[in-house]
């Protein structure tokens, strides 16, 4: 069976081919691709960019990669881009088009194809927009970088609705994304599809005896809806009882936009000695930080199924999470520790609970790790994906 994926970020093979710096995203896609080609799937992967002079295809690691040149702005992605995707489908006799995400334009290319298309739900921009600014102060809304990002999201939200209009087959992994699919396309066919995570997280195990006391770890990014300001305010409250508390933040935070607001807030609250920004980490570095930290926090105002949270559960680090979007599907059970995403006082209380109650932390760690091992079983997920492909193609 010949499958064409459309992905939002370039695979490492593409980065090497174009001499681009590696992208620290999409690791779960790389994991799934690896096992699918071992299952005799003829896998093709398409990525579009303005950074090339012409479209091209090449083979690497038994995968055929197609780099499509974007000749147009996003406002006009119904023209040459769609024709280029259709050319790949025709020239390589593709059996099924598998689009990962509604955040970008790939789902528009299904129109006019004579093969089936599956759209994977990742984030949903139309649901994100109402909480984009989170609890950040008004000054954040006046920052040029934030406004530019927000209006780009608004444009893509319109495009996303067209993707829902044009496609009827979807897959996802939470009760939330299933309900969202039916909200925008009530006649949709929906499949549950789990995620294969990066290999190192299956092999790394958290141990309270190895964890740095009073350390908190978070993976975030430079946008208000990720809720880092809520975590920083909560940390200030925790510090009143645990003066040596530490927060380690992974992600690209440069001194502009929302990041500058976070840096100023950290300084204002007297937390400069308590907060460390680590930059972008590799999978090995992330796993190591999870193993050596006492608590993991997921503070977003909206997530479908956070890959970072799933990786933390697989490692087994105790966690405190905002109860939003699809997160209840990941943490449902006797040991969930949640808070309202806009309530830093409640977050502080839950952090103190986890940092001070070692027995509960260990029990939660074991429970969440067991659940994650079942949820992210490689064998089960591969079987599900192959079955879905067969059913849809038939």
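The values are calculated or read from the model by the stated rules, or taken from the named source; none is laboratory data. Everything numeric here is computed off the predicted structure, so don't read it as measured data. No Cβ is skipped: glycine too gets one built from the backbone with ideal geometry, and neighbour counts run over all protein chains shown.
Considering segment 175-184 alone, what residues qualify as being surrounded by 19 or more Cβ atoms within 10 Å (Cβ to Cβ) and either touching a strand residue (DSSP E or B) at 6+ places or on another chain (Cβ under 7 Å) or farther than 11 Å from residue 102 by Cβ (or both)? Those that are surrounded by 19 or more Cβ atoms within 10 Å (Cβ to Cβ) and either touching a strand residue (DSSP E or B) at 6+ places or on another chain (Cβ under 7 Å) or farther than 11 Å from residue 102 by Cβ (or both): 176, 178, 181.
Name the one entry in 214, 209, 205 that is more than 17 Å from residue 134 (Cβ to Cβ), assigned by TED's automatic domain parsing to the domain that holds residue 294 and without any contact (Cβ under 8 Å) to a residue 40 or more places away in the chain.
Working: 214 fails: without any contact (Cβ under 8 Å) to a residue 40 or more places away in the chain; 205 fails: without any contact (Cβ under 8 Å) to a residue 40 or more places away in the chain.
Unique residue meeting the criteria: 209.
Taken together, the residues in segment 211-237 that are surrounded by fewer than 18 Cβ atoms within 10 Å (Cβ to Cβ) and modelled with pLDDT under 95 amount to 1.
When restricted to residues that are in a loop (DSSP other than H, G, I, E, B) and in contact (Cβ under 8 Å) with a residue 60 or more places away in the chain, segment 223-257 contains 6.
Being assigned by TED's automatic domain parsing to the domain that holds residue 193, in a strand (DSSP E or B) and closer than 28 Å to residue 382 by Cα is true of residue 47.
Looking across 355, 302, 351, 386, one residue alone is buried (at least 23 other Cβ atoms within 10 Å of the Cβ), more than 22 Å from the chain's Cα centre (by Cα) and touching a residue at least 60 places away in the same chain (Cβ under 8 Å). It is 351.
Can you name every residue in segment 110-136 that is in contact with a helix residue (DSSP H, G or I) (Cβ under 8 Å, 6 or more places away or on another chain) and exposed (fewer than 13 other Cβ atoms within 10 Å of the Cβ)? Walk me through how you get there before you give the answer.
Taking segment 110-136 as the starting set, the residues that turn out to be in contact with a helix residue (DSSP H, G or I) (Cβ under 8 Å, 6 or more places away or on another chain) are 110-113, 115-119, 121, 124-129, 131-136.
Scanning segment 110-136 gives a single hit, 112.
Please pick out the residue among 93, 75, 55 that is assigned by TED's automatic domain parsing to the domain that holds residue 44, modelled with pLDDT of 95 or more and surrounded by fewer than 21 Cβ atoms within 10 Å (Cβ to Cβ). Spell out the reasoning first.
Values: 75 fails: modelled with pLDDT of 95 or more; 55 fails: modelled with pLDDT of 95 or more.
Exactly one of 93, 75, 55 is assigned by TED's automatic domain parsing to the domain that holds residue 44, modelled with pLDDT of 95 or more and surrounded by fewer than 21 Cβ atoms within 10 Å (Cβ to Cβ), namely 93.
Apart from one condition, residue 333 fits all of (1) modelled with pLDDT of 95 or more; (2) over 20 Å from the mean Cα position of the chain (by Cα); (3) not in a helix (DSSP H, G or I); the exception is (1).
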